[in-house]
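Everything on this sheet refers to the single structure shown next.
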Amino acid sequence: MNKGGTRAMARTARAAAVDMLDGVLGEGLLLSQCEAALTGLSPADRARAQRLTAQVLRHVEPTDRLLKPFLRKAPPLTVLNTLRLATVELVLGEAAHGVVNEAVNMVRHHRRHAALSGLVNAVLRRVAENPSFGKQPPQRLPFWLRKPLVDAWGKPAVSAMEAVQAIPAPVDLTLRPGRDVGIEGAEALPTGSLRLALGAQVSALPGYATGDWWVQDAAAALAVPLLAPQAGERVLDLCAAPGGKTLQLAAAGAQVTALDVNESRMSRLRDNLARTGLTAEVVVADALDWQPEAPFDAILLDAPCSATGTIRRHPDLPFVKDGSELEALITLQAALIDRALGWLKPGGRLVFCTCSLLPEEGEAQLAAALARHPALRVDDTLPPGADPAWRAPAGGLRLRPDYWAERGGMDGFFMARLAR
């Protein structure tokens, strides 16, 4: 990132944010692949840089519309990203003096773009005169994703999803059964999750050190209640990392095997097990090669997918993905379903879920599984607190970002409970 343009000025959160934007918008990197830009920053500045980057990625389209009248041609990407960052900060109410001065200084100290510092100053002073996106619509999803979603859910629903994706996602907590947690300003959701006020420092909240809860989106937290694990059951969490569902299963008293192919992500699962004092057998292996010693009473398969339901929390995804991976993902999901079904005891149950908004990775995947396995049926029991309106037409749950929009939305998911 920022090749050939190392800044001579002191490292700041804003400079790191511009470098991360260069990585996502210029090199097609995920934000998780841009963390080298955060090197040398304090924890507070690291968090601020990540927050600023996400804010810009949620508003690239309306920001560019606001900047367009003041630019005769597009400047180099680093300069444009500096302008985008400063514009978003101005729109969000940051003091113009500090925003404009640091943006100008960042470009002035850039070895390749110093001559454009005057342009940055002039443009941002014009923007500062009326720092507003006005009545512009929120940023639209890319065509490869928006079109199938419009075909599936209609334009009003997709526009509502885009409106939710334009705001920062709140943090949801899954509470350990029997623990009473009092967190000021938190909202108890109908499904049992606890939603925090924006800006809460998670590790400083009561119950963190004692493992009374863990961070998990309210939509993701519904898969385990749908599976309804019982104390003493042998349960497999397939594709388990980073482990929120493993913790739910273990807290319900199940004998849990957590399996995932990604060693680095499984380290987070181990850390969370240690913090909460919960236990599970942790296995790092490829599910297509691994074989259990004995069948399971129940299996939770949170299959690899496009992650298009998590854009509200991962605004880099629309700029990095193009849908080209879908065919391989759909094939893998089907293979994992078939393999998991072979590991169930007679009468066992499987919950299949994906954090995708695309029917190909949800409703269509369910229909194909039922066609391949005539003895399968969909158990249409809803988990506690789930709105009946979320029920998918052919069974299972279809969750979307625009549900609970007034509360901050939820991740997009499809999940269905299957039984023989």
When you go through (1) closer than 24 Å to Gln33 by Cα; (2) out of contact with any Leu (no Cβ under 9 Å at 6 or more places or on another chain) one by one for Gly347, which number turns out not to apply? (1)
Scope the stretch 132-154; condition more than 19 Å from the chain's Cα centre (by Cα) and surrounded by 20 or more Cβ atoms within 10 Å (Cβ to Cβ); matching residues: none
Scanning the stretch 10-33 for residues that are touching an Asp or Glu at 6+ places or on another chain (Cβ under 7 Å) and among the hydrophobic types (A, V, I, L, M, F, W, C) gives Ala13, Val24, Leu30, Leu31
Could we say that Pro142 is within 22 Å of Cys305 (Cβ to Cβ) and not basic (Lys, Arg) here? yes
Hey, Ala364 in a helix (DSSP H, G or I) and under 20 Å from Ala328 (Cβ atoms) or not: yes
Is it the case that Val150 is β-branched (Val, Ile, Thr) and under 30 Å from Ala250 (Cβ atoms)? no
Restricted to the stretch 253-279 and to residues being small (Gly, Ala, Ser) and under 13 Å from Val224 (Cβ atoms), the residue surrounded by the fewest Cβ atoms within 10 Å (Cβ to Cβ) is Gly253
Please pick out the residue among Gly178, Gly192 that is exposed (fewer than 12 other Cβ atoms within 10 Å of the Cβ), in a loop (DSSP other than H, G, I, E, B) and either touching a residue at least 24 places away in the same chain (Cβ under 8 Å) or not assigned by TED's automatic domain parsing to the domain that holds Ala252 (or both). Gly178
Kindly indicate whether any position in the stretch 102-122 is over 25 Å from Asp22 (Cβ atoms) and either of a type in the set (Ser, Thr, Tyr) or in a loop (DSSP other than H, G, I, E, B) (or both). no
Pair list, Cβ < 9 Å and 6+ apart or interchain, from the stretch 327-342 residues that are under 21 Å from Pro295 (Cα atoms) and free of Cβ contacts under 8 Å to residues at least 60 places away in the same chain to residues that are of a type in the set (Gly, Ala, Ser) and surrounded by fewer than 17 Cβ atoms within 10 Å (Cβ to Cβ): Ala334/Ala368; Ile337/Ala368
Condition test on Arg51, is it surrounded by fewer than 16 Cβ atoms within 10 Å (Cβ to Cβ), of a type in the set (D, E, K, R) and closer than 23 Å to Gln165 by Cα? yes
Is there a residue being part of a loop (DSSP other than H, G, I, E, B), of a type outside the set (Lys, Arg) and in contact with a Pro (Cβ under 9 Å, 6 or more places away or on another chain) anywhere in the stretch 317-325? yes
Yes or no: the stretch 296-305 includes at least one residue that is in a loop (DSSP other than H, G, I, E, B), at pLDDT below 95 and within 25 Å of Gln165 (Cβ to Cβ). no
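Before we move on, is Pro62 in contact with a His (Cβ under 7 Å, 6 or more places away or on another chain), farther than 15 Å from Ala16 by Cα and surrounded by 16 or more Cβ atoms within 10 Å (Cβ to Cβ)?
Against the criterion (in contact with a His (Cβ under 7 Å, 6 or more places away or on another chain), farther than 15 Å from Ala16 by Cα and surrounded by 16 or more Cβ atoms within 10 Å (Cβ to Cβ)), Pro62 does not qualify.
Kindly evaluate Ala128 against the criterion of being in contact with a Lys or Arg (Cβ under 8 Å, 6 or more places away or on another chain), crowded, with 16+ Cβ neighbours inside 10 Å and closer than 15 Å to Thr82 by Cα.
The answer is no for Ala128.
Please verify whether Val215 is surrounded by fewer than 17 Cβ atoms within 10 Å (Cβ to Cβ), in contact with a helix residue (DSSP H, G or I) (Cβ under 7 Å, 6 or more places away or on another chain) and not basic (Lys, Arg), treating the condition exactly as stated.
For Val215, the condition - surrounded by fewer than 17 Cβ atoms within 10 Å (Cβ to Cβ), in contact with a helix residue (DSSP H, G or I) (Cβ under 7 Å, 6 or more places away or on another chain) and not basic (Lys, Arg) - is met.
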Given the criterion closer than 27 Å to Arg51 by Cβ, part of a loop (DSSP other than H, G, I, E, B), in contact with a Pro (Cβ under 6 Å, 6 or more places away or on another chain) and charged (D, E, K, R), identify the matching residue among Arg312, Arg268. Arg312
Residue satisfying condition, being of a type in the set (A, V, I, L, M) and surrounded by 14 or more Cβ atoms within 10 Å (Cβ to Cβ), within set Ala250, Ala197: Ala250
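Here's a check for you: in the stretch 155-175, which residue that is β-branched (Val, Ile, Thr) and surrounded by 18 or more Cβ atoms within 10 Å (Cβ to Cβ) is farthest from Asn272 (Cα to Cα)? Quick ask: steps written out before the conclusion?
Restricting attention to the stretch 155-175, the residues satisfying the condition of being β-branched (Val, Ile, Thr) are 158, 164, 167, 171, 174.
Subsequent filtering for residues that are surrounded by 18 or more Cβ atoms within 10 Å (Cβ to Cβ) retains 158, 164, 171, 174.
Values: Val158: 35, Val164: 29, Val171: 17, Thr174: 13 Å.
Residue satisfying both the conditions and the ranking: Val158.
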Could you grab me the full set of residues in the stretch 338-362 that are surrounded by 24 or more Cβ atoms within 10 Å (Cβ to Cβ) and either farther than 15 Å from Met415 by Cβ or among the β-branched types (Val, Ile, Thr) (or both)? Val351, Thr354
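The values are calculated or read from the model by the stated rules, or taken from the named source; none is laboratory data. These figures come from a predicted structure and were not determined experimentally. Glycine gets a Cβ as well: all are built from the backbone with ideal geometry, and neighbour counts include every protein chain shown.
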